[in-house]
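Notes for the one structure printed next.
The values are calculated or read from the model by the stated rules, or taken from the named source; none is laboratory data. In this text, all values refer to a predicted model and were calculated from it rather than measured experimentally. Don't worry about glycine lacking a Cβ; one is built from the backbone with ideal geometry, like all the others, and counts go over all protein chains shown. These area figures cover heavy atoms from the full protein model, side chains too; ligands, DNA and RNA do not enter into them. Shrake-Rupley method; radii C 1.70, N 1.55, O 1.52, S 1.80 Å.
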Amino acid sequence: MMVPRCMFFTKGVGTHKEKLASFEEALRDAKIAHFNLVSVSSIFPPHCEIVTIEEGLSLLHPGEITFCVMAREDTMEPGRRVFSSVGLAIPAESGRYGYLSEHHGFGQTELEAGEYAEDLAAEMLATTLGIEFDSDKDYDERREVYKMSGKIVESQHISQAALGAEGNLWTTVLAAAIFVL
């Protein structure tokens, strides 16, 4: 059974005249270019430990097939804001799984995008735990409902935003949760 024992967050930004090379630069900035990344859906495994990027990287080897949840966005428009975020919500009960969410697009700041991704992960977890909430309320109000239920213990996010580069260049942003088996 392949269940990750730990996970770390990372983010990066890259620019280049070629879209693929811009993505490669973002992967390098995030310190994960030397892995064979495989995107997976958004379940945070029970008993998975969140570690620092340094600790997580020390447990992986170049060329290793590495599972991740990644958000990515690209633009070739100078001055256009791009963002990518990964949100996480962890249940209070240690034997239960949590949720990760990916959010990417144009216009939002890192904080706006990150809070949205965090809210999305918390909402997905809340619905599986039977927490009743009003989805029309803002995230701060829903966060209080989640915390008061005692069923969601933690939520967080990582985000990267950038403005599109001048000079006919691609700009790529990424945010990722990297799993270590």
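For the subset of region 134-159 comprising residues that are touching a residue at least 24 places away in the same chain (Cβ under 8 Å) and basic (Lys, Arg), which member is least open to solvent (accessible area, probe 1.4 Å)?
Out of the qualifying residues, it is Arg143.
Scan region 112-133 for residues that are farther than 14 Å from Val86 by Cβ, of a type outside the set (Val, Ile, Thr) and either in contact (Cβ under 8 Å) with a residue 60 or more places away in the chain or open to solvent by 70 Å² or more (accessible area, probe 1.4 Å) (or both) and jot them down.
The answer is Glu112, Glu132.
For region 160-181, how many residues meet the condition of being in a strand (DSSP E or B), surrounded by fewer than 20 Cβ atoms within 10 Å (Cβ to Cβ) and in contact with a helix residue (DSSP H, G or I) (Cβ under 8 Å, 6 or more places away or on another chain)?
Result for region 160-181: 0.
Quick check on region 126-133. Is at least one of its residues of a type outside the set (S, T, N, Q), farther than 13 Å from Ala177 by Cα and in a strand (DSSP E or B)?
no
Could you tell me whether region 72-94 includes any residue that is open to solvent by 60 Å² or more (accessible area, probe 1.4 Å), at pLDDT below 95 and farther than 30 Å from Gly167 by Cα?
Among the residues of region 72-94, at least one is open to solvent by 60 Å² or more (accessible area, probe 1.4 Å), at pLDDT below 95 and farther than 30 Å from Gly167 by Cα, which makes the answer yes.
Checking Gly105 against (1) over 25 Å from Cys48 (Cα atoms); (2) at pLDDT 95 or above; (3) open to solvent by 20 Å² or more (accessible area, probe 1.4 Å): exactly one of these is not met. Which one?
Of (1) over 25 Å from Cys48 (Cα atoms); (2) at pLDDT 95 or above; (3) open to solvent by 20 Å² or more (accessible area, probe 1.4 Å), only one is false for Gly105: (3).
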